[in-house]
1. Determine if the stretch 150-157 includes at least one residue that is in contact with a strand residue (DSSP E or B) (Cβ under 7 Å, 6 or more places away or on another chain) and farther than 17 Å from residue 44 by Cβ.
2. May I ask you to list the residues in the stretch 55-76 that are assigned to a loop (DSSP other than H, G, I, E, B) and touching a residue at least 40 places away in the same chain (Cβ under 8 Å)?
3. Restricted to the stretch 98-153, and to residues that are among the β-branched types (Val, Ile, Thr) and farther than 22 Å from residue 175 by Cβ, which residue is most open to solvent (accessible area, probe 1.4 Å)?
4. Those residues that are assigned to a loop (DSSP other than H, G, I, E, B), open to solvent by 10 Å² or more (accessible area, probe 1.4 Å) and of a type outside the set (Asp, Glu), I need them from the stretch 1-36; list them, please.
5. If I ask for residues that are within 18 Å of residue 129 (Cβ to Cβ), touching a Ser or Thr at 6+ places or on another chain (Cβ under 9 Å) and open to solvent by less than 60 Å² (accessible area, probe 1.4 Å), which ones from the stretch 50-66 would you list?
6. For residue 80, state whether it is surrounded by fewer than 14 Cβ atoms within 10 Å (Cβ to Cβ) and either modelled with pLDDT of 95 or more or part of a loop (DSSP other than H, G, I, E, B) (or both).
7. Scan the stretch 135-184 residue by residue and report those that are polar (S, T, N, Q) and closer than 15 Å to residue 121 by Cα.
8. I'd like the residue in the stretch 158-174 that is open to solvent by less than 10 Å² (accessible area, probe 1.4 Å) and in contact with a strand residue (DSSP E or B) (Cβ under 8 Å, 6 or more places away or on another chain) and, out of all such residues, is farthest from residue 38 (Cα to Cα).
Amino acid sequence: MVNNDITAQNLQSAFGGESQAYQRYIAWANKSKEDGFPKVGILFRAIAYAEEVHAGNHFEVLDNIKGDILVAAGAVFGLGSTADNLEGAIAGEDFEIEQMYPAFHLVAKDQEEQEAVKSFHYALEAEKIHSKLFNEAKDAVEAGNDYDLEYVSVCEVCGHTVKDGKPDKCPICGASSEQFKEFH
């Protein structure tokens, strides 16, 4: 539940952005496979799921907001090479890390919107990992290689993403290892 209009608008914008990221990453996963980088495709699919988790968390906080609402959200558009798509993903994640989520988190905290604070915190911390993983994948692709991974695990509570493993306890939200979904 959200009580302040600015926090509600920030949640709506974040929901829109995360929903678009999900769709974009699925399209880019398919392109990665076509380009001969199936493991980059696994990474895109896993992080797409994490973005779906973030969108769902934001949407749940908005449970008392009803009706049609125009949602403005920034988004990277275009379907390019796998390296270009990774560059777009990195730019989007870095924007969320450096600008969007810190500002949204600060406003929600100032307005004492604890559920929004938690949702924004979960997303911000997970996005830091996403940027790191996308940067690693981009380095591999630019060297002419697929990304070196066996599988990716994503926390179903907060979207924390782990390459080739999963923690006993999520470092962001405390969820157990059983609450991680694997992507192969």
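The values are calculated or read from the model by the stated rules, or taken from the named source; none is laboratory data. All values derive from a computational prediction rather than experimental measurement. Here Cβ is always computed from backbone atoms with ideal geometry, including for glycine, and neighbour counts include all displayed protein chains. SASA here: full protein model, heavy atoms, side chains in, ligands and nucleic acids out. Shrake-Rupley method; radii C 1.70, N 1.55, O 1.52, S 1.80 Å.
1. First, pick out the residues of the stretch 150-157 that are in contact with a strand residue (DSSP E or B) (Cβ under 7 Å, 6 or more places away or on another chain): 151-156.
Still in the list and also farther than 17 Å from residue 44 by Cβ: 155-156.
Looking for residues that are in contact with a strand residue (DSSP E or B) (Cβ under 7 Å, 6 or more places away or on another chain) and farther than 17 Å from residue 44 by Cβ, one finds at least one in the stretch 150-157, hence yes.
2. Step one: of the stretch 55-76, the residues assigned to a loop (DSSP other than H, G, I, E, B) are 62-76.
Within the stretch 55-76, 62, 63, 64, 65, 69, 71, 72, 73, 74, 75, 76 qualify.
3. Filtering the stretch 98-153 down to residues among the β-branched types (Val, Ile, Thr) leaves 107, 117, 129, 141, 152.
Cutting the leftovers down to farther than 22 Å from residue 175 by Cβ gives us 107, 141.
Values: 107: 46, 141: 16 Å².
Applying the filter and picking the extreme gives 107.
4. In the first step, residues of the stretch 1-36 are kept if they are assigned to a loop (DSSP other than H, G, I, E, B); the result is 1-4, 35-36.
Cutting the leftovers down to open to solvent by 10 Å² or more (accessible area, probe 1.4 Å) gives us 1, 3-4, 35-36.
Result: 1, 3, 4, 36.
5. Listed by number, the residues that qualify are 50, 51, 54, 55, 57.
6. Values: surrounded by fewer than 14 Cβ atoms within 10 Å (Cβ to Cβ): yes; either modelled with pLDDT of 95 or more or part of a loop (DSSP other than H, G, I, E, B) (or both): yes.
Here the answer is yes, as residue 80 does meet what is asked.
7. First pass over the stretch 135-184, keeping only residues polar (S, T, N, Q): 135, 145, 153, 161, 176-177, 179.
161, the sole residue that qualifies.
8. Taking the stretch 158-174 first, the residues open to solvent by less than 10 Å² (accessible area, probe 1.4 Å) are 158-159, 161, 170.
Going one step further and asking which of them are in contact with a strand residue (DSSP E or B) (Cβ under 8 Å, 6 or more places away or on another chain), we end up with 161, 170.
Working: 161: 18, 170: 27 Å.
Step by step, filter the stretch 158-174, then rank; the result is 170.
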